[in-house]
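Student: Please find one structure pasted underneath; my questions will follow.
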Amino acid sequence: MLQRALAGLYRLDGVQQAMLFDDSGSLLASVGDEGAIPPVDHAVDVLSAALEAADALGLGAIYEVWCEGKERTMIDVASPTRVVALSGSGGRLARWRHAIDRDRRIFATTPQ
């Protein structure tokens, strides 16, 4: 079920990697371009920076992080212990977000 959900995210326009990692930064599953290494370290670094900034500024919890430029990254905290990240270029972030929302329960309840 998890691989099917990640494959659905991977098929979205512009997505080159769909990843699920845990709260310690360990990659649990990914679907992406053949031969490409999932950029999980980048996603973990971006999420860590966002969490630190939110804590320092007293902004509350972080549920989603978007990075746009030549390359795009979207990180969604599906549960306190499960994080979904999409990376790629092009595509529509709103569609990426909607697709993650659709399968949130699958990502949030994946056993380790």
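We did not get these values from a lab; they are worked out from the coordinates using the rules stated. In this text the structure is predicted, and so the values were computed from the model without any measurement. Cβ atoms come from the backbone with ideal geometry, glycine included; neighbour counts cover every protein chain shown.
Student: I'm spelling it out carefully: the read-out is Kirkwood radius over Cα pairs in Å, the candidates are [x] 13.9; [y] 16.2; [z] 14.3, and one was derived from this structure. Which label?
Tutor: [x]
Student: How much FRET efficiency would the formula 1/(1 + (r/R0)^6) give for Asp13 and Glu52, where r is the Cβ-Cβ distance and R0 is 22 Å, rounded to 0.05? Can you show the working numbers first?
Tutor: Values: r = 32 Å, r/R0 = 1.45.
So the FRET efficiency works out to roughly 0.10.
Student: Which ordering of Asp55, Asp22 is given by a fewest-first count of other beta-carbon atoms within 10 Å?
Tutor: Values: Asp55 12, Asp22 15.
Arranged by neighbour count, lowest to highest, Asp55, Asp22 become Asp55, Asp22.
Student: Under 18 Å from a label point 7 Å along Cα→Cβ of Gln3: give me every residue in the range 69-112 with its amide N that close.
Tutor: In the range 69-112, the label zone of Gln3 (backbone N under 18 Å from the point 7 Å along Cα→Cβ) covers 106-107, 110-112.
Student: Just to verify a number: FRET efficiency for Arg92 and Asp22, C-beta to C-beta distance, R0 = 41 Å, to 0.05?
Tutor: Values: r = 28 Å, r/R0 = 0.68.
After rounding, the FRET efficiency stands at 0.90.
Student: If each residue's Cβ is checked for other Cβ atoms within 10 Å, how do Val83, Val46 rank with the fewest at the top?
Tutor: Working: Val83 24, Val46 17.
Lowest to highest Cβ neighbour count: Val46, Val83.
Student: Within 10 Å, count the other beta carbons around each residue, average over each peptide in 32-40, 84-92, 13-21, and list them highest first. Show your work: numbers first, answer last.
Tutor: On the way: 32-40: 13.4, 84-92: 19.6, 13-21: 21.3.
Top to bottom by mean Cβ count within 10 Å: 13-21, 84-92, 32-40.
Student: So, one more: What percent do you get for the relative contact order of the chain when only Cα pairs under 8 Å and 6+ apart count?
Tutor: On the way: 183 pairs, mean separation 34.5, N = 112.
Result for the chain is 31 percent.
Student: When a footprinting reagent is the concern and you count Cβ atoms within 10 Å, what order do Met74, Met1 take, fewest first?
Tutor: Working: Met74 23, Met1 9.
In increasing order of surrounding Cβ atoms, one gets Met1, Met74.
Student: R0 = 22 Å: FRET efficiency of Arg102 with Glu71, Cβ-based, nearest 0.05? Intermediate results must be reported in sequence, preceding the final value.
Tutor: Working: r = 24 Å, r/R0 = 1.09.
Approximately 0.40, to the nearest 0.05.
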